[in-house]
Every structure is written in C-alpha cells, then in structure tokens.
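S.K.: Here you go, one structure.
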Amino acid sequence: MDKPVKKTREAFDYHECRDYLQDKYQYSERDYAGHFGEPAQNSPAVAAAPIEKNESVAWDEERPPYWDFWHFVIDHTEMHNGTYITMSEEWLPMATDWQKEIIQHYIDEFAEPATHDEECREVEFYVEW
C-alpha cells in the first residue's frame with residue numbers, strides 16, 4: 001500500500017466573490033432593498049417589491065424592507081467559520097425573486113457549465129471570517 005498524500009481542495013473565496021459581484025452589479029448583499037442605504041441598481045425584484053410591514057422589527061413606513069442575502073445563505077447551508085459551501089441552481093426554487101437574482105449572478109460568474117451527468121450548475125466557496 002502506498003503512503004497517503006495530501007489532497008488539495010479548490011474553491012472560490014466567498015467574500016472575494018461577493019465583493020466582486022457587489023461592485024459589478026452595484027448592490028449590497030447585506031441590504032439589497034436599501035433599508036439602510038441605496039437599493040440594488042437595475043434590479044427588477046427591487047423595483048417590483050411591495051413595501052410590507054414587518055411586525056418583528058421597528059418599522060418606518062418610508063423605508064424599504066430589510067433584505068439580507070447572508071441570512072438566506074446561512075439558512076440553506078451548514079455554516080461556521082472556515083467551511084466550504086456549495087451554491088447551486090437547486091437553491092433557486094427556495095428563493096424569492098431578489099434572492100434568485102443574486103444566486104444567478106454567482107452561478108453565471110463562477111460555476112462551471114453543467115455536464116451531461118449533472119442536472120444543475122453549482123459552485124463551491126470557502127467561507128472564513
């Protein structure tokens with residue numbers, strides 16, 4: 001038997017990719033609708049979003065809802081510091097319109113094309129904070 005060798009795992013850095021997409025598409029994942037700042041530019045989901053009252057948070061009728069994509073990510077993956085996550089097109093049916101826009105940006109920019117064996121595209125990220 002041969003002695004085992006180290007294996008290397010390749011993944012994108014989630015925060016580098018997030019910063020790249022935020023700069024390219026002019027939005028903040030942590031405040032997509034612009035509750036605390038500027039809303040995502042050129043977003044059909046933001047433009048069509050109704051302002052709905054949320055009883056669980058302090059509400060200002062003049063402000064849009066608080067949309068934080070990170071909350072969606074941690075709800076759909078096992079998350080801790082120093083972990084790998086896989087984002088795939090399988091997330092799309094679970095997402096709202098604005099979340100679908102962000103997921104699609106990640107898939108379009110970083111995922112490899114699907115092969116004949118794969119049903120959907122996916123991309124792996126390393127997450128560290």
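What follows is calculated from the coordinates using simple rules that are stated; it is not laboratory data. Since this is a predicted model, take the numbers as computed values, not measurements. Reconstructed Cβ throughout: ideal geometry from the backbone, glycine too, with neighbour counts over all protein chains shown.
S.K.: Spin-label point model (7 Å from Cα, Cβ direction): what's the GLU119 to LYS24 distance in nm?
M.R.: In this crude spin-label approximation the distance works out to 2.7 nm.
S.K.: If you don't mind, another one. Restricting to DSSP H runs of at least four residues, report the calculated mean residue ellipticity at 222 nm for the chain, -39500 (n - 2.57) per run over all residues, nearest 500 deg cm²/dmol.
M.R.: -9000 deg cm²/dmol, from helical runs alone.
S.K.: Short version: ³J(HN,Hα) in whole Hz for each residue of segment 93-105, in order, from phi by Karplus 6.51 cos²θ - 1.76 cosθ + 1.60 (θ = phi - 60°), x for Gly and Pro, what are they?
M.R.: x, 8, 9, 7, 4, 5, 5, 4, 4, 5, 4, 5, 4
S.K.: Gain in length, GLU38 to THR77, computed as 0.36 nm per residue apart minus the alpha-carbon separation, to one decimal in nm? Intermediate results must be reported in sequence, preceding the final value.
M.R.: On the way: separation 39, 0.36 × 39 = 14.04 nm, distance 2.78 nm.
Net length gain for the segment: 11.3 nm.
S.K.: Once you charge only the Cβ atoms, +1 for Lys and Arg and -1 for Asp and Glu, what is the size of the charge dipole of segment 12-127 about its Cα centre, to the nearest 20 debye?
M.R.: Here segment 12-127 has a charge dipole of around 300 debye.
S.K.: What Kirkwood hydrodynamic radius do you get for the chain when you take the inverse of the mean 1/r over all pairs of distinct Cα atoms, in Å?
M.R.: About 16.4 Å for the chain.
S.K.: Can you give me the long-range amide H partners of ARG121? Hydrogens built in the peptide plane at 1.01 Å from N, cutoff under 5 Å, separation of 5 or more residues or another chain.
M.R.: Under 5 Å from the amide H of ARG121: GLU89.
S.K.: Scanning the chain for GluC sites (Glu not before Pro) in DSSP loops with at most 14 other Cβ atoms within 10 Å, what's the longest stretch left with none?
M.R.: 11-51
S.K.: Given DSSP loops and a limit of at most 15 other Cβ atoms within 10 Å, what is the longest stretch of the chain that contains no such trypsin sites (Lys or Arg not before Pro)? Don't skip to the end; give the middle numbers.
M.R.: On the way: sites that count: LYS6, LYS7, ARG9, LYS53.
The longest uninterrupted stretch comes out as 54-129.
S.K.: Give me the percent of DSSP beta bridges within the chain that run antiparallel, rounded to the nearest 5.
M.R.: 75
S.K.: When the Cα centres of segment 62-97 and segment 1-36 are compared, how far apart do they sit, in Å?
M.R.: A separation of 13 Å, based on Cα centres.
S.K.: Using the Cα centre of the chain as origin and beta-carbon charges of +1 (Lys, Arg) and -1 (Asp, Glu), tell me which of THR77, HIS105, GLY37 is placed farthest towards the positive end of the dipole.
M.R.: Farthest towards the positive pole: THR77.
S.K.: If contacts are Cα pairs under 8 angstrom and at least 6 residues apart, what is the relative contact order of the chain in percent? Don't skip to the end; give the middle numbers.
M.R.: Numbers: 153 pairs, mean separation 36.6, N = 129.
Answer for the chain is 28 percent.
S.K.: Would you please give the residues with an amide H less than 5 Å from that of ASP13, counting only those at least 5 places away or on a separate chain, with H modeled from the backbone geometry?
M.R.: Under 5 Å from the amide H of ASP13: TYR126.
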